[in-house]
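The structure appears below as structure tokens.
The values are calculated or read from the model by the stated rules, or taken from the named source; none is laboratory data. Since the model is a prediction, treat every value here as computed from it, not as a measurement. Positions of Cβ are generated from backbone atoms using ideal geometry, with glycine treated the same way; all protein chains shown enter the neighbour counts.
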Amino acid sequence: MALGASVPTVSAPVVPVRELVPWAVFAGVILLALLYLVGMDQGATSVFSGSMLHEFVHDGRHLLGFPCH
Amino acid sequence: MVRTLLVRGMLAGVVAALLAFVFAWFFGEPALDGGIAYEDALSTAAGETDGEAPLVSRGTQSTIGLLVALLIYGVAVGGIFALVHGGAQGRLFRLAPRATAGVLALIGYVVVVLVPFLKYPSNPPASSVDDTIGLRSGTFVIMLLLSVVAAIVAVAVGQRLVARIGTWNGVLAGAAVYVVIAGIVAALLPVVSETPADFPAVVLYNFRVATLGIHAVLWAAVGLLFGLLVSRGTRSAERPTVGAGAG
């Protein structure tokens, strides 16, 4: 149980909440928007018109399991 | 500090996406081509001539398009993973940073990929009805979001129970809470069953296994690589912890 013994004495710093929250909100929103663009846009809903984006990421969208045409 | 975490998470995501691309190329693309072959056979039988050139060629879709899609997905998952790790480390599980990364990747794979997949599995081209894209997108997103909500509830409940009835029982109880909530959600959401009767079963099977495989490669790589980077960072840094009251 070498691993278990070393666990309680971990000195890894805990990230303070007030430092984490702004990053989580800002980066979270942008990263979720990216996921939307790859997985969903120009399908049921469109932020960008046309189907260029849909066609370009077509294979990735299908293979990652997002609903596609 | 959060900046470093975020950079490492996105870096792990990029490498994970490259690995997932290799897997997708060998196991996903053949199945996807099988779907397109079925589609072509249908349109030929219907007497349609494919006159107009496609907006994006198959060659681009299956190479750069697939790679870019996976890279964006990898960066996004890696970044969010790093932020969740930043919140969980030292609070949620009493584990070393590297072990936390491993546990989070496993939970992420089950909650974000596997469970939504069990209700709404991936579909190759030509195996869905075009007009139901609205219903399929909506139900998929609801399943995904509620799966995440169920996981958050389960972790909150599990954490309290661990303090009362011990680690082993508490974790099992938390997992049970997740399974029950996700099960109820899946049972209530509408069934989508539109695969054409003569769609090749082997193509469908291979395609769906490829989806799980791509995600397994990607999430495992994100968890392991981020864990490696974050453990190396904390070992080499060893700076004195200032602001002891901030925790």
Original post:
Mind checking which residues of segment B:14-40 are closer than 20 Å to B:Leu204 by Cβ and touching a Phe, Trp or Tyr at 6+ places or on another chain (Cβ under 8 Å)?
Top reply: B:Gly28, B:Ala31, B:Leu32, B:Gly34, B:Gly35, B:Tyr38
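For (1) among the hydroxyl-bearing types (Ser, Thr, Tyr); (2) surrounded by fewer than 15 Cβ atoms within 10 Å (Cβ to Cβ); (3) at the interface with chain A (Cβ under 7 Å from one of its Cβ atoms), each residue gets a yes or a no:
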residue	(1), (2), (3)
B:Gly9	no, no, no
B:Ala31	no, no, no
B:Leu42	no, yes, no
B:Ala46	no, yes, no
B:Gly79	no, no, yes
Original post:
Filter segment A:55-69 for residues that are buried (at least 24 other Cβ atoms within 10 Å of the Cβ) and in contact (Cβ under 8 Å) with a residue 24 or more places away in the chain; which is nearest to the other protein chains (Cβ to nearest Cβ)?
Top reply: A:Pro67
Original post:
Exactly one of (1) surrounded by 13 or more Cβ atoms within 10 Å (Cβ to Cβ); (2) at pLDDT below 95; (3) within 13 Å of another protein chain (Cβ to nearest Cβ) is unmet by B:Ala53. Its number?
Top reply: (1)
**OP:** Find all pairs meeting these conditions: Cβ atoms under 9 angstrom apart; at least six residues apart or on different chains; first residue within segment B:126-146 and under 13 Å from A:Gly65 (Cα atoms) and free of Cβ contacts under 8 Å to residues at least 60 places away in the same chain; second residue surrounded by fewer than 16 Cβ atoms within 10 Å (Cβ to Cβ) and among the acidic types (Asp, Glu).
**Re:** B:Arg136/B:Glu194
**OP:** Please state which one of B:Leu218, B:Leu204, B:Leu228 is surrounded by 17 or more Cβ atoms within 10 Å (Cβ to Cβ), under 24 Å from B:Pro97 (Cβ atoms) and at pLDDT 95 or above.
**Re:** B:Leu218
Original post:
Taking segment A:29-49 as the search range and keeping residues that are surrounded by 13 or more Cβ atoms within 10 Å (Cβ to Cβ), facing another protein chain (nearest Cβ under 9 Å) and more than 9 Å from the chain's Cα centre (by Cα), which one is farthest from B:Val75 (Cα to Cα)?
Top reply: A:Ala44
Original post:
within 30 Å of B:Leu228 (Cβ to Cβ) and part of a loop (DSSP other than H, G, I, E, B) - does that describe any residue in segment B:166-181?
Top reply: no
Original post:
Which is assigned to a helix (DSSP H, G or I), outside the structural domain of B:Leu218 (by TED's automatic domain parsing) and more than 22 Å from the chain's Cα centre (by Cα), of B:Arg160, B:Arg136?
Top reply: B:Arg160
